[in-house]
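Enquirer: Attaching a single structure in structure tokens format; questions to follow.
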Amino acid sequence: MDSVVVVIDMQTKLLNVMSDKNLVADSVKFLKIANELGLKIIATQQYKKGLGDSDEQILNLINSKIFDKLEFSAFNSIKDEILGYKSVILIGVEAHICVYQTALDLIKNGFSVTLIDECIGSRDPQNKVLAYLNLKEAKVKSIEMVAFELLQSATHPSFKAISNLIK
């Protein structure tokens, strides 16, 4: 696989103020799919001293490194870890700050960026809309779109497991 999943700042204190109350459940669903497909999943935590730990359900599905950061863009923190990948799938918060700035830096550095809509959050939904409008080079897709793109066929060994996760 040439895709890596990056989970941006899914910390409990931030998640508690997001407008989309299904954000964690949807993110857990997507991360289970990513794990089933063997994708590398890394995560970042913004200003851990003030914002605390990542959500435990999310944390349990990270299969690689977790990076603490102070910059809004995660790029400088993760760049060495994502070398060799062509595509980055982003989920996390907040859409218009850390996700947005990370996506911009990834695109500037030649990565293809996909945002999983159900797994991206903001306190104010309008800020999420604005982030998408300004990230014209990124692809915004649903969990199912990405899952079935990665599967490519019903003959894939993970098809049944992923179909059950999506139901």
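Enquirer: Those residues that are among the hydrophobic types (A, V, I, L, M, F, W, C), in a helix (DSSP H, G or I) and more than 12 Å from the chain's Cα centre (by Cα), I need them from the stretch 9-25; list them, please.
Expert: Once the filter is applied, which keeps residues that are among the hydrophobic types (A, V, I, L, M, F, W, C), in a helix (DSSP H, G or I) and more than 12 Å from the chain's Cα centre (by Cα), the stretch 9-25 yields Leu14, Leu15, Ala25.
Enquirer: Right, something else. With the requirement that a residue be β-branched (Val, Ile, Thr) and within 21 Å of Ala103 (Cβ to Cβ), what does the stretch 1-23 give you?
Expert: If the condition is that a residue be β-branched (Val, Ile, Thr) and within 21 Å of Ala103 (Cβ to Cβ), then Val4, Val5, Val6, Val7, Ile8 are the ones that fit.
Enquirer: In the stretch 1-25, what count of residues is obtained for those that are closer than 19 Å to Leu150 by Cβ, open to solvent by 50 Å² or more (accessible area, probe 1.4 Å) and in contact with a Lys or Arg (Cβ under 6 Å, 6 or more places away or on another chain)?
Expert: Qualifying residue count, the stretch 1-25: 1.
Enquirer: Does Ser73 satisfy being hydroxyl-bearing (Ser, Thr, Tyr), under 24 Å from Asp105 (Cβ atoms) and touching a helix residue (DSSP H, G or I) at 6+ places or on another chain (Cβ under 6 Å)?
Expert: Answer is yes for this residue.
Enquirer: Name the single residue that is nearest to the chain's Cα centre (by Cα) among those in the stretch 118-167 being of a type in the set (Asp, Glu) and closer than 26 Å to Gln11 by Cβ.
Expert: For the stretch 118-167, the residue satisfying everything is Glu118.
Enquirer: While we're looking at this one, here's another question. When you scan the stretch 26-40, do you find a residue that is of a type in the set (Val, Ile, Thr), under 11 Å from the mean Cα position of the chain (by Cα) and either surrounded by fewer than 19 Cβ atoms within 10 Å (Cβ to Cβ) or assigned to a strand (DSSP E or B) (or both), even just one?
Expert: Checked the stretch 26-40: at least one residue is of a type in the set (Val, Ile, Thr), under 11 Å from the mean Cα position of the chain (by Cα) and either surrounded by fewer than 19 Cβ atoms within 10 Å (Cβ to Cβ) or assigned to a strand (DSSP E or B) (or both).
For every residue, the table says whether it meets (1) in contact (Cβ under 8 Å) with a residue 60 or more places away in the chain; (2) within 22 Å of Ala147 (Cα to Cα); (3) open to solvent by 10 Å² or more (accessible area, probe 1.4 Å).
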| position | (1), (2), (3) |
| --- | --- |
| Ile42 | no, yes, no |
| Glu56 | no, no, yes |
| Ala74 | yes, no, no |
| Ile89 | yes, yes, no |
| Leu104 | no, no, yes |
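Enquirer: How many of the residues making up the stretch 1-25 are touching a strand residue (DSSP E or B) at 6+ places or on another chain (Cβ under 9 Å), closer than 24 Å to Ser77 by Cβ and not β-branched (Val, Ile, Thr)?
Expert: Adding up the residues that qualify gives 10.
Enquirer: Right, another one. I'm told Lys86 meets every condition in (1) over 18 Å from Met10 (Cα atoms); (2) in contact with a helix residue (DSSP H, G or I) (Cβ under 6 Å, 6 or more places away or on another chain) except one. Can you identify the failing condition by its number?
Expert: Of everything listed in (1) over 18 Å from Met10 (Cα atoms); (2) in contact with a helix residue (DSSP H, G or I) (Cβ under 6 Å, 6 or more places away or on another chain), Lys86 misses just condition (2).
Enquirer: Condition first: within 15 Å of Thr44 (Cβ to Cβ) and of a type in the set (Gly, Ala, Ser). Now tell me which residues in the stretch 92-140 satisfy that.
Expert: Of everything in the stretch 92-140, those that are within 15 Å of Thr44 (Cβ to Cβ) and of a type in the set (Gly, Ala, Ser) turn out to be Gly92, Ala95, Ala103, Gly121.
The values are calculated or read from the model by the stated rules, or taken from the named source; none is laboratory data. What you see is a predicted model, and the numbers here were worked out from it, not measured in a lab. Cβ atoms come from the backbone with ideal geometry, glycine included; neighbour counts cover every protein chain shown. Just the protein is used for accessible areas: all its heavy atoms, side chains included, with ligands, DNA and RNA removed. Shrake-Rupley method; radii C 1.70, N 1.55, O 1.52, S 1.80 Å.
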